Amino acid sequence: MYPLQTRGNARRTAAHMRGSMKKRVGILTAGGDCPGLNAAIRGAAKGLYQRMGGDVEIVGIRNGFAGLIQGDYMEMQEGDFSNLLTRGGTILGTRRTPFKKMLVVEEDGVHKVQAMLANYRAMGLSALLCMGGNGTHKTARLLSEEGLNIIGLPKTIDNDIWGTDVTFGFHTAVDIATEVVDRIHTTAYSHHRVMLIELMGNKAGWLTLYSGIAGGADTILIPEMPYQIENVLNAIESRNKRGKHFSIIAVAEGAFDVDESRMKRKEWMALRRQCGCTRAAERIAGQVEEALGFETRVAVPGHIQRGGTPSAYDRILATEFGTYAAQLVESDQYGVTVALRNNLVVSNPLAEVAGRTKYVTADCDLIQVARRMGVCLG
Ligand code: F6P
């Protein structure tokens, strides 16, 4: 027996839906929250009701894959999808259920994949929309390969999902991070300081690159381009000589230097711990103070970057993705994830997307722009 906690009326509805043209669509949001999730839920629901009217039922699964494992869900009505466009976070709740643990039976003895398959069937679902980032897409592919009708919707402030030009949540985070960089400027120039802003992005530096360019950062450091501290110091000194007695450094939380790039992450993190400084920005601030004697400060906006209402851009993108997913459900196209390519909403096979990360490349447009602007990239 799998732990199906039937909080809705799954058995009745499953029987009721069988043999009819009706569809019962589950929606879940997994991984870190981001602005635009509610807009995407709303877009999917309104799209489904528009296309299928009374022939569709929507089930909200709570807290991502954890809810699917536990059978924790709610029957949703049309009215539940009103007033969502501007709301941050996710009304369904979310949780990180790491992909690498999906096949591991832990202390509770639950076989997670079997539980998800059993609960999907017990809920009487015809399809499941999985909104999430890279981890979510891996689990989505797994469920799809197990025979479930899965559609992914790519969300993350990291913008690192392969096959889509952009994910929803990203541009809101860029707007927030840019405002942080803007506001830090005034203190930096008034106090003649080197100010470091550590932005989210452990593996991919898109958010730091975009907001660094938008906010006019003098140095931008991202995980894809290991830095040499000497280059960072030279850039500060060179500005100083030109009468600019302050510098703004936008650094991704996952940035590391050239020496560290020769080690495994675990190894350099252990070394940083020994030195009592694990944070990328604080480490660099210490090196700058020691080498140049400049007063430095570090600002870490953290989860503020993921909080609050989505920007107009993200509301539109999330609505486009949601309504496109509804269209895919109506035409029974599963095993795919929605994407934006060259300004067109399309879908990619989950099998192609899952397990691949979209990194910043040295030849991408914005890196070229940074170089043309004389921004130090480390
Ligand atoms: O994946 C989105 C993200 O915000 C990353 O940029 C960041 O490294 C991570 O999530 C933080 O995770 P958590 O919210 O679990 O602390």
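The values are calculated or read from the model by the stated rules, or taken from the named source; none is laboratory data. Being a predicted model, the structure only gives us computed values, none of them experimental. Note that we place each Cβ from the backbone using ideal geometry, even for glycine, and neighbour counts take in every protein chain shown.
Please find, among 58, 69, the residue that is in contact with a strand residue (DSSP E or B) (Cβ under 7 Å, 6 or more places away or on another chain) and aliphatic (A, V, I, L, M). Being in contact with a strand residue (DSSP E or B) (Cβ under 7 Å, 6 or more places away or on another chain) and aliphatic (A, V, I, L, M) holds for just one of 58, 69, which is 58. When each of 345, 369, 353, 298 is tested for being surrounded by fewer than 21 Cβ atoms within 10 Å (Cβ to Cβ), touching a Phe, Trp or Tyr at 6+ places or on another chain (Cβ under 7 Å) and either of a type in the set (A, V, I, L, M, F, W, C) or closer than 28 Å to residue 185 by Cα (or both), the lone residue that passes is 345. In the range 247-276, the residues that are among the acidic types (Asp, Glu) form Cβ pairs under 7 Å with partners that are within 16 Å of the ligand (Cβ to nearest atom) and modelled with pLDDT of 95 or more, at six or more places apart or across chains, as follows: 253/198; 253/199; 253/200; 253/201; 253/202; 253/280. Of all residues in the range 305-317, those satisfying the criterion of being within 16 Å of the ligand (Cβ to nearest atom) and closer than 18 Å to residue 91 by Cα are 306, 307, 308, 310, 314. If the condition is being among the small types (Gly, Ala, Ser) and in contact with a Ser or Thr (Cβ under 8 Å, 6 or more places away or on another chain), then the range 221-253 contributes 235, 247, 250, 252. Within the range 340-353, residues that are more than 19 Å from residue 140 (Cα to Cα) have Cβ atoms under 8 Å from residues that are surrounded by 12 or more Cβ atoms within 10 Å (Cβ to Cβ) and small (Gly, Ala, Ser) in these pairs: 341/163; 345/339, counting only partners at least 6 apart in sequence or on another chain. Condition check: surrounded by 17 or more Cβ atoms within 10 Å (Cβ to Cβ) and on the phi < 0 side of the Ramachandran plot. Does residue 94 satisfy that? Here the answer is yes, as residue 94 does meet what is asked.
Tell me which residues, restricted to the range 130-183, are away from the ligand (no atom under 16 Å from the Cβ), touching a strand residue (DSSP E or B) at 6+ places or on another chain (Cβ under 8 Å) and under 30 Å from residue 196 (Cβ atoms). Residues satisfying the conditions are 165, 181. When the range 347-366 is filtered for residues that are within 24 Å of residue 210 (Cα to Cα) and among the hydrophobic types (A, V, I, L, M, F, W, C), the ones remaining, listed by number, are 353, 360, 362, 364, 366. Of the listed requirements (1) within 16 Å of the ligand (Cβ to nearest atom); (2) surrounded by 14 or more Cβ atoms within 10 Å (Cβ to Cβ), residue 236 misses just one: (1). What about residue 246, is it closer than 19 Å to residue 373 by Cα and either in contact with a helix residue (DSSP H, G or I) (Cβ under 7 Å, 6 or more places away or on another chain) or of a type in the set (Ser, Thr, Tyr) (or both)? Yes.
Listed here are the residues, each with its yes/no results for (1) within 16 Å of the ligand (Cβ to nearest atom); (2) in contact (Cβ under 8 Å) with a residue 60 or more places away in the chain; (3) not in a loop (DSSP other than H, G, I, E, B).
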position: 58; (1), (2), (3): no, no, yes
position: 63; (1), (2), (3): yes, no, no
position: 69; (1), (2), (3): no, yes, yes
position: 74; (1), (2), (3): no, yes, yes
position: 83; (1), (2), (3): no, no, no
position: 90; (1), (2), (3): yes, yes, no
position: 97; (1), (2), (3): yes, yes, no
